[in-house]
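Undergrad: Below is a structure I'd like to ask you about.
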Amino acid sequence: MSAHAYLSQLQLAPVALRATTSDSLAPALRSVAVIAKTAADTAGILLADVRAAVSVGSLVSFVDGLDAQSKDDVLDSLQLAQRAANAAADRFADVRNWYQQYLDVLGQIGWVTGQFAFLEREQSEGDLRMDQAALSVLMAIATQNQLAILKEAVAALGSLASSDGTISLFAQMSAREGLGNFQMGSAQRAGNGVVELAMGAYHFRAVDSTDRIVFFKRTTRALKLWTAAQRMTLNTATYAENRAQIRQMLGEERQRAIAAIRLKPL
């Protein structure tokens with residue numbers, strides 16, 4: 001089946017923010033993945049200058065040197081894969097099938113991926129910073145530059161007020177009633193010119209049902225965390241052939257599913 005035919009029959013879930021999110025936050029959920037020379041987020045960052053963003057339930061950072069079109073492609077492809085997986089399986093209760101669909105979509109549109117081999121980490125008591133646990137998984141596969149910018153993005157996202165649109169988007173898309181499923185990664189241009197993404201995948205089950213458990217040091221009664229990581233590469237020629245169709249499929253919902261994170265300028 002061609003990628004065009006595959007995409008034509010693919011179902012996408014809507015980007016449905018829960019009623020607890022104020023209507024006043026809607027402008028803060030605008031997409032950073034827009035055409036060049038237009039405002040990319042609420043802070044007025046041009047897409048070429050975006051160094052980190054949330055795409056549905058994924059946090060992605062960009063190493064300096066990645067062009068605007070490549071950032072656009074990364075953000076859109078991750079949104080497509082997540083929304084297709086959300087339509088095919090429960091993101092929080094049926095994680096195995098969710099990731100199967102997620103990786104299948106990425107593979108169809110030009111990403112070269114492997115499987116996520118999840119390892120379990122159980123915490124019965126004591127303090128846990130899940131953001132640090134998530135970053136540690138990427139240390140074996142990410143470059144120094146990728147880790148540095150991703151750490152900065154995690155710190156910036158975690159410092160946002162709970163009413164901020166960006167943290168609301170990420171929290172609501174990645175956690176529900178003590179269950180979580182999120183991704184963290186960093187993209188860069190490799191020496192051979194391809195786009196590389198060091199991606200970590202995480203899902204957890206906790207007694208504490210807070211949406212912001214990802215970013216805070218918690219005293220836990222019980223928490224199980226499953227982690228996996230891999231390096232992915234994007235075949236830009238394959239993706240370019242399907243870019244217009246993917247953009248059309250994402251539709252108006254696309255603008256609600258991506259939000260830039262302001263980091264300090266280089």
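The values are calculated or read from the model by the stated rules, or taken from the named source; none is laboratory data. None of these values were measured; they are calculated from a predicted model. When we count neighbours, we look across all protein chains shown, and the Cβ atoms used for this are built from the backbone with ideal geometry, even at glycine.
Undergrad: If you check Leu10 against the conditions, is it assigned to a loop (DSSP other than H, G, I, E, B) and at pLDDT 95 or above?
TA: Yes: the conditions hold for Leu10.
Undergrad: Moving on to the next point. Restricting to the range 250-266, and then to whatever is of a type outside the set (Gly, Ala, Ser) and part of a helix (DSSP H, G or I), can you tell me which residue is surrounded by the fewest Cβ atoms within 10 Å (Cβ to Cβ)?
TA: Among those residues, the one meeting the criterion is Glu252.
Undergrad: Do you know which residues across the range 29-78 are crowded, with 21+ Cβ neighbours inside 10 Å, at pLDDT below 95 and farther than 19 Å from Arg189 by Cα?
TA: Leu29, Ser31, Val32, Ala40, Asp41
Undergrad: Report yes if some residue within the range 242-249 is surrounded by 17 or more Cβ atoms within 10 Å (Cβ to Cβ), in contact with an Asp or Glu (Cβ under 9 Å, 6 or more places away or on another chain), at pLDDT below 95 and not small (Gly, Ala, Ser); otherwise report no.
TA: no
Undergrad: Yes or no: Arg96 surrounded by fewer than 19 Cβ atoms within 10 Å (Cβ to Cβ) and either modelled with pLDDT under 95 or among the β-branched types (Val, Ile, Thr) (or both)?
TA: no
Undergrad: Do we find a residue being assigned to a strand (DSSP E or B), within 27 Å of Ser77 (Cβ to Cβ), modelled with pLDDT under 90 and of a type outside the set (Lys, Arg) anywhere in the range 122-145?
TA: No; the residues of the range 122-145 include none that is assigned to a strand (DSSP E or B), within 27 Å of Ser77 (Cβ to Cβ), modelled with pLDDT under 90 and of a type outside the set (Lys, Arg).
Undergrad: What number goes with the only condition from (1) basic (Lys, Arg); (2) surrounded by 15 or more Cβ atoms within 10 Å (Cβ to Cβ); (3) modelled with pLDDT under 95 that Arg18 does not pass?
TA: (2)
Undergrad: In addition: Kindly list the number of the only condition in (1) at pLDDT 80 or above; (2) under 21 Å from Ile167 (Cα atoms) that fails for Val105.
TA: (2)
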